[in-house]
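Notes to accompany the following structure.
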Amino acid sequence: MHPERTDQYLETIFLLTRRNNTPARTTQIAAEMRVSPPSVTEMIQRLSEAGLVDYRPYYGVELTEPGEAQAKRIRHINRVLRRFLTTVLGIEPETARKEADILQHNTSETVLEHICQYMQHREFCPKCEHSTGSRCCKFSQ
């Protein structure tokens, strides 16, 4: 599986299940990602085999615990990068969103940690309750 594609699916499933408070349907995922339903079904089967989602036909898709942890980590990285690009570098929000989507797959833990420290992590991630010593939170580990 391609890590970038996997991340996109996990993040989309995460957002849909949160938004709708129900399992994500393959048609919803397809519409959100602008791909065909058969492509979604194929990827969902791979994610299920990898233990990242629980898929039940006619019911929908939910993230497993490891899948949810990976989705939250992806969202955290993206949020840190977007904030850095807009606040520190002065990039317009829409451009920063697009750039963060690209950078999140290629940013090392070391660089992410330094960005968090530079930006005083708690100021832009107030929901984070996982500050542990020199690391900003569990999503950077």
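A short reminder: the numbers here are calculations on the coordinates, not readings from a lab. Because the structure is a prediction, the values reported are computed rather than measured. Backbone-built Cβ (ideal geometry, glycine too); neighbour counts: all protein chains shown.
Using θ = phi - 60° and the Karplus relation 6.51 cos²θ - 1.76 cosθ + 1.60, list the HN-Hα couplings for the stretch 69-82 in order, rounded to whole Hz, with x at every Gly or Pro.
Using θ = phi - 60°, the values come out as 4, 5, 5, 5, 5, 4, 5, 5, 4, 4, 5, 4, 5, 4 Hz.
Taking H placed 1.01 Å from N in the peptide plane, check which residues at least 5 places from ARG25 or on another chain put their amide H under 5 Å from its amide H.
VAL61
Which translational diffusion coefficient, to the nearest whole µm²/s, is obtained for the stretch 3-63 from the Stokes-Einstein equation, given a Kirkwood hydrodynamic radius over C-alpha pairs, 37 °C and 0.692 mPa s?
Rounded to a whole number, D works out at 296 µm²/s.
About the Cα centre, and with charges only on the beta carbon of Lys, Arg (+1) and Asp, Glu (-1), how big is the dipole of the stretch 11-53? Nearest 20 debye, please.
160 debye
DSSP loop chymotrypsin sites (Phe, Trp or Tyr not before Pro) in the stretch 38-92 with at most 10 other Cβ atoms within 10 Å of their Cβ, which ones?
Loop-located and lightly packed - TYR58.
Taking amide H atoms as placed 1.01 Å from N in the peptide plane, list the residues 5 or more away in sequence, or in a different chain, whose amide H sits under 5 Å from that of ASP54.
For ASP54, the qualifying residues are GLU62, LEU63, THR64.
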